[in-house]
Amino acid sequence: MAVVVMGVSGCGKTTFAKQLADAIGGAFIEADDYHSDASIEKMRSGCALDDDDREPWLRAVAAAADSAETPVVACSALKRSYRDILRAGTPTVFLHLDAPVDVVRARVRGRGGHFFSESLVASQFETLEPLEPDEHGVTLDATRSLPELLDTARSYLEGPSR
């Protein structure tokens, strides 16, 4: 089973997914590593990616997850159609890290050296389609402490239907 830690940029996906992968003996996959140079430059210049930009990226991330044992992927997965690509080959559970826009803006502003521009935060929230009831996953409050989030995620992943 693949675990995808999803949410808008700046919600804490990478930090959380790395620690979750360590906690469950999974293989951490950073979706940002699969962006094309053109997409990175587009975001760095303050332009949001569109579906055409994202499709090959999502397919590359899905292929990486399909080839890993117990993958834990940090990936925005903002739309259901994006999540459909990610779950096409491997049973997948989504952990949506949800945080208010002001928290996300502050986090994005505070991280140095990242290609994602603070000006793109609003577009992420506009694009976000929360998990639907028939999607395998749960929404977690990303303002909670990392140990609390990890405990909640592990309990969810170890639950009776997993």
Most mobile of GLU132, GLU55, GLU69 in a GNM of the chain (Cα contacts under 10 Å): GLU132
Solvent-accessible area of ARG107 with every protein chain in place, 1.4 Å probe, in Å² to the nearest 10: 90 Å²
Translational D in µm²/s for the stretch 1-97 (Stokes-Einstein at 25 °C, 0.890 mPa s, Kirkwood Rh from C-alpha pairs): 185 µm²/s
Under-5 Å amide H pairs with VAL5, H placed in peptide plane, nonlocal only: VAL73, ALA74, CYS75, LEU95
Alpha carbon Rg of the stretch 121-162, scaled by the compact-globule rule 2.2 N^0.38 Å: 1.41
Lys, Arg +1 and Asp, Glu -1 on Cβ, resulting dipole of the stretch 12-142 about Cα centre, debye, nearest 20: 380 debye
Cβ charges +1 (Lys, Arg) and -1 (Asp, Glu), total dipole of the stretch 48-115, debye: 300 debye
Among ALA77, ALA62, TYR34 the positive-end extreme of the charge dipole of the stretch 13-86 (Cβ point charges): ALA77
Solvent-accessible surface (1.4 angstrom probe) belonging to PHE125, in square angstrom, nearest 10: 60 Å²
For the stretch 25-34, 3J(HN,Hα) per residue [Karplus equation, 6.51 cos²θ - 1.76 cosθ + 1.60, θ = phi - 60°, Hz, x = Gly/Pro]: x, x, 9, 6, 10, 9, 4, 4, 5, 9
With all protein chains modelled, accessible area of ASP33 [1.4 Å, Å²]: 120 Å²
Candidates ARG87, ARG144, ARG59: whichever shows maximal mean-square fluctuation once the chain is modelled as a Gaussian network with Cα springs under 10 Å: ARG144
Table column - 3J(HN,Hα) (Hz), the stretch 5-14, Karplus curve with 6.51, -1.76, 1.60, x for Gly and Pro: 8, 10, x, 5, 4, x, 7, x, 4, 5
Rg/Rh (Cα only; Kirkwood hydrodynamic radius) as it applies to the chain: 0.93
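The values are calculated or read from the model by the stated rules, or taken from the named source; none is laboratory data. All figures in this text were calculated on a predicted structure; none of them were measured in a lab. Cβ atoms come from the backbone with ideal geometry, glycine included; neighbour counts cover every protein chain shown. Note: areas computed on protein heavy atoms with side chains; ligands, DNA, RNA excluded. Shrake-Rupley method; radii C 1.70, N 1.55, O 1.52, S 1.80 Å.
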